[in-house]
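Accompanying notes for the structure given below.
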Amino acid sequence: MVEKDERVELEMKIMNYRSFLRRMALDPETEARIQELIADLESRLRSIDE
């Protein structure tokens, strides 16, 4: 059950960060940092699925 809760939390974070990127005009450095954060969250999500 814990993994399922963590998975849902990660999915929500990814969705929120992607939405934030679409809505905001950010400088390239900040956008790159958020993209890296999304990639890290997706990696953690994949490790739960394995």
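The values are calculated or read from the model by the stated rules, or taken from the named source; none is laboratory data. All of these numbers come straight from a predicted model, not from anything done at the bench. Every residue, glycine as well, gets a Cβ built from its backbone with ideal geometry; the counts of neighbours run over all protein chains shown. Areas reflect the complete protein model, heavy atoms only, side chains present, ligands, DNA and RNA absent. Shrake-Rupley method; radii C 1.70, N 1.55, O 1.52, S 1.80 Å.
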Carbon plus sulfur fraction of accessible area for the chain, probe 1.4 Å, in percent: 52 percent
Correct option for mean projected area of the Cα convex hull in nm² [calculated from the coordinates] among (1) 3.5; (2) 3.3; (3) 4.2: (2)
Farthest toward positive dipole pole in the chain [+1 Lys/Arg, -1 Asp/Glu at C-beta], among Leu37, Ser19, Val8: Ser19
DSSP-loop trypsin sites (Lys or Arg not before Pro) across the range 2-33, with at most 12 other Cβ within 10 angstrom: none
